[in-house]
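Undergrad: Quick one: structure below, then a few questions.
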Amino acid sequence: MWRIARDSGTLDLNTSYAYLLMARDFAATTRLAVREGEAVGFVLGYLRPSAPQTLFIWQIAVDESQRGQRLAARLLDALLADLPQVATLETTITADNAASQRLFASFAERHGAEHAIESLFAEAHFPDPGHGAELLHVISGLHAGT
Ligand SMILES: CC(C)(COP(=O)(O)OP(=O)(O)OC[C@H]1O[C@@H](n2cnc3c(N)ncnc32)[C@H](O)[C@@H]1OP(=O)(O)O)[C@@H](O)C(=O)NCCC(=O)NCCS
């Protein structure tokens, strides 16, 4: 996950230790895509402690060589299918990330869910320079028919 995030070109790179900790403690809400023995994509999430029916997607990425093959869409669908208690999915996306915006809009459409966008972290909240504002995408009404 650390390698894929490093090479993604857009994601904030966390320490390798952070990915190992997340994999240990949040394995139930994390998925890795493996092709020919190589990790080529991942989705890393957690259930919000104050709202355990809400799955927060921290990061999702697919190796550049494997993009456009619905890997990210399938990672999200697989995760949701394994978490029947989840009614809401949240993630944050910067305004310039068209691929990620489409990925989550398409996910919401596929699952017949509501999709709302609001501000969460403004540029001024980030101590490191050059970090764009993160908009909160709230996709609700998941598993409504099950
Ligand atoms: C965002 C990302 C994970 C998408 O992975 P992917 O496997 O190529 O996406 P998929 O093939 O599953 O496509 C899912 C949807 O997004 C759309 N999409 C994918 N890449 C796109 C792009 N560059 N521009 C516009 N739409 C795009 C697809 O057309 C598809 O839409 P549809 O369901 O309406 O047909 C990948 O581009 C990536 O790793 N980007 C860098 C990391 C990143 O920005 N992560 C998100 C922020 S946390």
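Undergrad: Which residues, counting only those in the range 19-35, are more than 17 Å from Pro49 (Cβ to Cβ) and of a type in the set (A, V, I, L, M, F, W, C)?
TA: Leu20, Ala23, Leu32, Ala33, Val34 - these are the residues of the range 19-35 that are more than 17 Å from Pro49 (Cβ to Cβ) and of a type in the set (A, V, I, L, M, F, W, C).
Undergrad: Surrounded by fewer than 21 Cβ atoms within 10 Å (Cβ to Cβ), without any contact (Cβ under 8 Å) to a residue 40 or more places away in the chain, of a type in the set (S, T, N, Q) and within 21 Å of Ala105 (Cα to Cα) - does that describe any residue in the range 55-74?
TA: Scanning the range 55-74 turns up at least one residue that is surrounded by fewer than 21 Cβ atoms within 10 Å (Cβ to Cβ), without any contact (Cβ under 8 Å) to a residue 40 or more places away in the chain, of a type in the set (S, T, N, Q) and within 21 Å of Ala105 (Cα to Cα).
Undergrad: Restricting to the range 120-146, and then to whatever is among the charged types (D, E, K, R) and out of contact with any Leu (no Cβ under 8 Å at 6 or more places or on another chain), can you tell me which residue is least open to solvent (accessible area, probe 1.4 Å)?
TA: Residue satisfying both the conditions and the ranking: Asp128.
Undergrad: Are there any pairs with C-beta distances below 8 angstrom linking a residue in the range 128-145 that is farther than 26 Å from Gln85 by Cβ and modelled with pLDDT of 90 or more to a residue that is small (Gly, Ala, Ser) and open to solvent by 30 Å² or more (accessible area, probe 1.4 Å), with the two at least 6 apart or on different chains, and if so which?
TA: The qualifying pairs are Gly132/Ala95; Ala133/Ala95; Ala133/Ser119; Ala133/Ala122.
Undergrad: Shifting gears a bit: Working only within the range 63-75, note down all residues that are in contact with a strand residue (DSSP E or B) (Cβ under 6 Å, 6 or more places away or on another chain) and of a type outside the set (S, T, N, Q).
TA: Residues of the range 63-75 that are in contact with a strand residue (DSSP E or B) (Cβ under 6 Å, 6 or more places away or on another chain), as a first pass: 63, 66, 71-72, 75.
Result: Asp63, Leu71, Ala72, Leu75.
Conditions tested, residue by residue: (1) more than 8 Å from the ligand (Cβ to nearest atom); (2) farther than 16 Å from Gly45 by Cα; (3) more than 15 Å from the chain's Cα centre (by Cα); (4) not aliphatic (A, V, I, L, M).
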site	(1), (2), (3), (4)
Gln66	no, yes, yes, yes
Ala113	yes, yes, yes, no
Glu118	yes, yes, yes, yes
Phe121	yes, yes, yes, yes
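Undergrad: Right, here's the next one. So, in the range 1-33, exactly how many residues are under 13 Å from Gln59 (Cα atoms) and either of a type in the set (Phe, Trp, Tyr) or touching a Ser or Thr at 6+ places or on another chain (Cβ under 7 Å) (or both)?
TA: Counting residues in the range 1-33 that are under 13 Å from Gln59 (Cα atoms) and either of a type in the set (Phe, Trp, Tyr) or touching a Ser or Thr at 6+ places or on another chain (Cβ under 7 Å) (or both) gives 5.
Undergrad: Within the range 80-103, identify whether any single residue is of a type in the set (Asp, Glu) and exposed (fewer than 14 other Cβ atoms within 10 Å of the Cβ), and answer yes or no.
TA: yes
Undergrad: While we're looking at this one, here's another question. Could you please find all residues in the range 12-37 being open to solvent by less than 50 Å² (accessible area, probe 1.4 Å) and within 16 Å of the ligand (Cβ to nearest atom)?
TA: Asn14, Ala18, Tyr19, Met22, Thr29, Thr30, Ala33 - these are the residues of the range 12-37 that are open to solvent by less than 50 Å² (accessible area, probe 1.4 Å) and within 16 Å of the ligand (Cβ to nearest atom).
The values are calculated or read from the model by the stated rules, or taken from the named source; none is laboratory data. The structure presented is a predicted model; accordingly, all values stated were derived computationally and were not measured. Virtual Cβ from ideal backbone geometry, glycine too; neighbours counted across all protein chains shown. Accessible surface areas use protein heavy atoms only, side chains included; no ligands, DNA or RNA. Shrake-Rupley method; radii C 1.70, N 1.55, O 1.52, S 1.80 Å.
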